[in-house]
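Encoded as structure tokens, the structure appears first; notes follow it.
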Amino acid sequence: MNKTLIATAAIALSAIAQHAATQPDAHAHGAQMISINDAVAVLVPTEGSTARGVVYFHQGEDGVIVDVELSGVEPGSTHAIHVHQYGDITGADGKTAGGHYNPEGHDHGLPHVQARHAGDLGNIIADDNGNVHFEMTADNLSIAGLHNPVIGRGVIVHAKVDDGGQPTGNAGARIAMGVIGIAKGE
């Protein structure tokens, strides 16, 4: 292949990539553009755990609405929940998901702290039956937009409370893990 053809192809691919990057929450599908407003992560237990559930993500006006449904934890227990860097849950202990999702390089913090890891979602509390229903809005994330997109990343539920300490909240082992994917929607 000649150098002119290679250079022309590289310029064309660069222009396509730049155009795609300026289209928040939209991806080309044939001739039409579709918007990704919903994502889901099915949580499976890590080795030795019984925690399982689903985390739904919906792109709202003020950020991403995160809705957690979890079961199989100790009644009345509190657990940290974070978006992690990778959507890799091949390790039985959940560590292949990497650390907290932190594209802006902030210190760790609880949701009331403005400058925190993008993945810091705080804590969830189980009811008397060991079930969790939790909803929050994360103002520092997007589903698939330009600002801290979560598609393809991991969700981890930890064994302990996130106490806000550095570097990751002292939340302990990982008890449930999932990959954030595009949801079918309504």
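What the table shows:
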item	result
Answer residue from region 105-114, given it is over 16 Å from residue 63 (Cβ atoms) and touching a residue at least 24 places away in the same chain (Cβ under 8 Å) and is surrounded by the most Cβ atoms within 10 Å (Cβ to Cβ) among those	108
Pair list, Cβ under 9 Å, 6 or more apart: region 132-148 residue in the same structural domain as residue 43 (by TED's automatic domain parsing) and farther than 29 Å from residue 73 by Cα, other residue among the aromatic types (Phe, Trp, Tyr) and crowded, with 18+ Cβ neighbours inside 10 Å	148/101
Any hit, region 86-103, residues being in a loop (DSSP other than H, G, I, E, B), of a type in the set (S, T, N, Q) and within 22 Å of residue 48 (Cα to Cα)	yes
Count of region 71-85 residues which are in contact with a His (Cβ under 8 Å, 6 or more places away or on another chain) and in a strand (DSSP E or B)	6
Cβ-Cβ under 9 Å pairs, at least 6 apart or on other chains, region 68-88 side on the phi > 0 side of the Ramachandran plot, far side crowded, with 23+ Cβ neighbours inside 10 Å	72/51; 72/53; 72/175; 72/176
Subset of region 146-186 [within 22 Å of residue 36 (Cα to Cα) and in contact with a Pro (Cβ under 7 Å, 6 or more places away or on another chain)]	146, 148
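The values are calculated or read from the model by the stated rules, or taken from the named source; none is laboratory data. Note that the structure is predicted; figures quoted are calculated from it, not measured. A quick note on method: Cβ atoms are made from the backbone with ideal geometry, for glycine too, and the neighbour counts reach across all protein chains shown.
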